[in-house]
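The values are calculated or read from the model by the stated rules, or taken from the named source; none is laboratory data. Everything quoted here is computed from the prediction, not taken from an experiment. Methodologically, a virtual Cβ is constructed for each residue, glycine included, from the backbone with ideal geometry; neighbour enumeration extends over all protein chains shown. Accessible surface is based on the protein model in full, side chains and every heavy atom, while ligands, DNA and RNA are left aside. Shrake-Rupley method; radii C 1.70, N 1.55, O 1.52, S 1.80 Å.
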Amino acid sequence: MMGMIVQFCGLSGAGKTTLAAALALKLTQEGLKVLVMDGDHYRTTLCKDLGFSKSDRLENVRRIKEEALRLSINFDLILLALINPFEEGRTAPADGAELIWIKCDLATLRERDTKGLYFKAYLPDGHPDKIYNLTGVNDTFEVPKQAGLIVETDVMNEEACVECLYDFLSPALGKNRMSYSKAL
């Protein structure tokens with residue numbers, strides 16, 4: 001039996017990997033086998049030959065999803081933490097992955113800026129350290145049209161986000177929990 005695959009998409013620094021890791025820990029403590037596949041990691045391994053063009057970004061997502069499908073026989077749940085900026089990459093036919101948009105506004109992302117990417121993206125053109133392809137700033141991020149859930153990390157704290165994700169995914173994972181309906 002294949003495990004469920006869930007893809008978290010969103011801008012860099014929105015909290016995709018943080019939330020995936022926290023949710024994985026919670027579910028692992030309940031006895032589920034959970035794998036987190038982080039896009040940053042796969043950029044340096046499976047996808048190290050790819051750049052940041054649209055076709056390369058789509059290929060990056062395709063490879064990671066293929067790897068998730070291959071590994072899904074060994075897990076109850078695989079969480080993909082990927083920027084995945086194009087709707088085309090999120091809605092591949094028959095991939096069966098649930099889509100969750102980890103949403104955060106640019107002002108909050110610029111404040112967090114744990115990797116210094118936003119600082120570099122907002123440098124003046126011609127600056128030697130300027131990043132010209134940061135998704136959501138000076139490169140495309142298409143708003144997800146078919147997200148099963150939107151988790152706003154600029155509105156909710158980490159604990160509330162994890163609880164929201166847990167409640168949303170519990171029915172599909174066979175958990176008997178009430179669906180998430182609290183106002184936060």
Residue in the stretch 76-84 that is surrounded by fewer than 22 Cβ atoms within 10 Å (Cβ to Cβ), assigned to a loop (DSSP other than H, G, I, E, B), at pLDDT 90 or above and touching a Leu at 6+ places or on another chain (Cβ under 6 Å) present: yes
Cross-chain or 6+ apart pairs with Cβ under 8 Å, the stretch 152-173 first and in contact (Cβ under 8 Å) with a residue 24 or more places away in the chain and under 15 Å from CYS104 (Cα atoms), then basic (Lys, Arg) and part of a strand (DSSP E or B): GLU152/LYS103; THR153/LYS103; ASP154/LYS103
Tabulated pairs, the stretch 30-44, first more than 10 Å from ILE64 (Cβ to Cβ) and touching a residue at least 60 places away in the same chain (Cβ under 8 Å), second of a type outside the set (Lys, Arg) and open to solvent by less than 40 Å² (accessible area, probe 1.4 Å), C-beta under 8 angstrom, 6+ apart or interchain: LEU32/LEU77; LEU32/LEU173
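Of LEU184, LEU123, which residue is assigned to a loop (DSSP other than H, G, I, E, B), modelled with pLDDT under 95 and either open to solvent by less than 70 Å² (accessible area, probe 1.4 Å) or farther than 21 Å from LEU82 by Cβ (or both)?
Numbers: LEU123 fails: modelled with pLDDT under 95.
Of LEU184, LEU123, the one residue that is assigned to a loop (DSSP other than H, G, I, E, B), modelled with pLDDT under 95 and either open to solvent by less than 70 Å² (accessible area, probe 1.4 Å) or farther than 21 Å from LEU82 by Cβ (or both) is LEU184.
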One residue from PRO128, PRO144 being open to solvent by 40 Å² or more (accessible area, probe 1.4 Å) and either of a type outside the set (Ser, Thr, Tyr) or closer than 22 Å to ARG90 by Cβ (or both): PRO128
Complete set of residues in the stretch 8-46 that are buried (at least 20 other Cβ atoms within 10 Å of the Cβ) and in a loop (DSSP other than H, G, I, E, B): GLY10, LEU11, SER12, GLY13, ALA14, GLY15
Filtered residues of the stretch 102-140 (kept if of a type in the set (D, E, K, R) and within 21 Å of the chain's Cα centre (by Cα)): LYS103, ASP105, ARG110, GLU111, ARG112, ASP113, LYS115, ASP139
Matching residues in the stretch 47-64 - criterion: being out of contact with any Lys or Arg (no Cβ under 6 Å at 6 or more places or on another chain) and either open to solvent by less than 80 Å² (accessible area, probe 1.4 Å) or of a type in the set (Ser, Thr, Tyr) (or both): LEU50, GLY51, SER53, SER55, ASP56, ARG57, LEU58, GLU59, ASN60, VAL61, ARG63, ILE64
